[in-house]
Amino acid sequence: MLSIGNSTSPTFFLTGVPGLETFHVWFSIPFCCLCVIALLGNSTILYVVITDSSLHEPMYYFLSMLSSTDIGITISSLPTTLGVLWFNARAISLDACILQMFFLHGFTLMESSVLLAMAFDRFVAICHPLRYAMILTNSRIIKAGMVIFVRMLVNLMPLLLLLKRLSFCGPNVLSHSYCYHPDVIKCSCSSIKVNSICGLVALILTSGIDIPCIFLSYMLIIKSILSIASPEERQKAFGTCISHIGAVAIFYIPWVILALVHRFGHNAPPYVHTLMSNLHFLFPPVLNPIIYSVKTKQIRKAFYKLFPNTK
């Protein structure tokens, strides 16, 4: 089980649920159910936005981007997790690990950017409604999507390329059933100072910017809503933000806690890492379609058109 640092490609060993390996097949049942719900829910959101012309608006274009990133996150972690739970297939090479991290972390970083774009969309819709169509044109939304993708590459590629310079010379046992960057660099027997600094910089340049900007957007939104005289109009304006607030909460809270656990929770029980990683990578794809289907009238109407017997 030893991997030799520079002479051969290192091998890592994934972990399922620590201490409960004999129950992995049973754990795979709820995991598979949640993955199916996530894939079906987000695919349905994508389909109704594409096919229903009444949803061809900036808010729903950003929602389709959110669903796309959720599908990507789910698919990225699915193969190795099922391999561990079903077949105890724990071994994974460094190159395969880097490839999985590119997709898993890449879609996560893009989702953070999409949530920021959605906050800006709500800010313009509520604070500058008369200029909404002029500011958020189709061409600008396409450019925003390109910026989100390029931003992900700029932040992620240095992290992954720096992994190739590390030496791994011990039993490289990871804490999760997939490759997670802070988890991988802890297995190195060489200095990881540069990797850690680069990871911290990437975190600051993504969530460190996105979270304050989203918070500022909602401060301005609340200020604008409070200036509305009619209570009914206030409630209606704030109601358009509820779904996005829920999506932000279920995405960022587990992400921040998982990052803190990896950096400072070295003495935490192993199942804490497993629980927080599953909350972070599985709950947003599962809950986002449910939140938007329940709280957004237009999505519900499109859903009823698609499945008329559910009304």
Query raised in the report: So which of Leu163, Leu174 is surrounded by 12 or more Cβ atoms within 10 Å (Cβ to Cβ), in contact with a strand residue (DSSP E or B) (Cβ under 6 Å, 6 or more places away or on another chain), closer than 30 Å to Glu21 by Cβ and aliphatic (A, V, I, L, M)?
Result: Leu174
Requested in this report: Given the conditions (1) farther than 24 Å from Gly72 by Cβ; (2) at pLDDT below 75, report the number of the one that Lys301 does not fulfil.
Outcome: (2)
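Conditions tested, residue by residue: (1) within 22 Å of the chain's Cα centre (by Cα); (2) open to solvent by 50 Å² or more (accessible area, probe 1.4 Å); (3) over 27 Å from Val150 (Cα atoms).
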| position | (1), (2), (3) |
| --- | --- |
| Asp70 | yes, no, no |
| Ile73 | yes, no, no |
| Thr81 | yes, no, yes |
| Phe87 | no, yes, yes |
| Met101 | yes, no, no |
| Val114 | yes, no, no |
| Ala119 | yes, no, no |
| Tyr132 | no, no, no |
Query raised in the report: Within region 258-280, how many residues are open to solvent by 70 Å² or more (accessible area, probe 1.4 Å) and over 23 Å from Pro30 (Cα atoms)?
Result: 5
Query raised in the report: Regarding Leu39, is this residue closer than 25 Å to Val84 by Cα, buried (at least 18 other Cβ atoms within 10 Å of the Cβ) and among the aliphatic types (A, V, I, L, M)?
Result: yes
Report task. Identify, from the list Ser277, Ser293, the residue that is touching a residue at least 12 places away in the same chain (Cβ under 8 Å), in a helix (DSSP H, G or I), of a type in the set (Gly, Ala, Ser) and more than 19 Å from Ser68 (Cα to Cα). Result -> Ser277
Report task. All but one of (1) in a loop (DSSP other than H, G, I, E, B); (2) modelled with pLDDT under 90; (3) open to solvent by 20 Å² or more (accessible area, probe 1.4 Å) hold for Leu203, so report the exception by its number. Result -> (1)
Report task. Considering every residue within region 17-26, establish whether at least one is in a helix (DSSP H, G or I), farther than 28 Å from Lys297 by Cβ, open to solvent by less than 60 Å² (accessible area, probe 1.4 Å) and at pLDDT below 95. Result -> yes
**Report entry** Matching residues, region 56-114, being over 18 Å from Thr274 (Cβ atoms) and charged (D, E, K, R)
**Finding:** Glu57, Asp70, Asp95, Glu111
Query raised in the report: When only residues in region 224-238 that are within 15 Å of Pro129 (Cβ to Cβ) and part of a helix (DSSP H, G or I) count, which is farthest from the chain's Cα centre (by Cα)?
Result: Glu233
Query raised in the report: Regarding Val147, is this residue farther than 17 Å from Asn195 by Cα and surrounded by 11 or more Cβ atoms within 10 Å (Cβ to Cβ)?
Result: yes
Requested in this report: Go over the candidates Phe215, Phe251, Phe238 one by one and state the one that is open to solvent by 70 Å² or more (accessible area, probe 1.4 Å) and under 23 Å from Phe283 (Cα atoms).
Outcome: Phe215
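The values are calculated or read from the model by the stated rules, or taken from the named source; none is laboratory data. These numbers come from a predicted model, not from an experiment. Positions of Cβ are generated from backbone atoms using ideal geometry, with glycine treated the same way; all protein chains shown enter the neighbour counts. Please note that ligands, DNA and RNA were not included when accessible areas were found on the heavy atoms of the full protein model with its side chains. Shrake-Rupley method; radii C 1.70, N 1.55, O 1.52, S 1.80 Å.
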